[in-house]
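Engineer: Can you read through this structure? Questions will come right after.
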Amino acid sequence: MSSSKNDFLESYFGEAFRTNERDLRKDFPDFLALMHSAAIEGVWLRPGLSKRDRSLVTLSTQAALGRWDQVEIHLRGFYSLGGTEAEFKEVALHVAIYCGFPAGLACFRIWKKVAAEK
């Protein structure tokens, strides 16, 4: 894995990156290779959208799908890219309207949890 890709993954995903890399490299290296080639190289590192914009899209799609563990991980990553709490609250409002108020409320709860860690 290239140094710049590794630096991005480390800064964006933090502990989740370290844990997933270690576990997948040991137990499921084919999945790790697919994830790196499809998600990271095939999407995240493409030109066309900034990583910050991709992060907002990812937060929204994961919230729409109810993947709350991923929303939490990607919220930390969004902050690492300079995203703000005010911007995430705007995402939560959008999610509430388009995906339902329970989904928006779940975003709020995740925001509180991550904010408490700062």
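Engineer: Per residue, how large is the accessible surface of the range 38-118? Use a 1.4 angstrom probe and give square angstrom.
Structural biologist: 58 Å²
Engineer: Out of all Cα-Cα pairs in the chain, roughly what percent, to the nearest whole number, are more than 17 Å apart?
Structural biologist: When every Cα pair of the chain is considered, 57 percent fall beyond 17 Å.
Engineer: Leaving out same-chain residues fewer than 8 places away, which lysines sit with a Cα under 16 Å from that of Lys51?
Structural biologist: The qualifying lysines are Lys5.
Engineer: Students sometimes get this wrong: rank Thr58, Thr84 by accessible area, probe 1.4 Å, all chains present, largest first.
Structural biologist: Numbers: Thr58 25, Thr84 60 Å².
So, going from the largest accessible area down, we get Thr84, Thr58.
Engineer: If you roll a 1.4 angstrom probe over the protein chains with everything in place, what fraction of the accessible area of the chain belongs to carbon and sulfur, to the nearest %?
Structural biologist: Carbon and sulfur: 59 percent of the exposed surface of the chain.
The values are calculated or read from the model by the stated rules, or taken from the named source; none is laboratory data. The model shown is predicted, which means the values in this text are computed figures rather than measured ones. Surface accessibility is based on the protein's heavy atoms, side chains included, excluding ligands, DNA and RNA. Shrake-Rupley method; radii C 1.70, N 1.55, O 1.52, S 1.80 Å.
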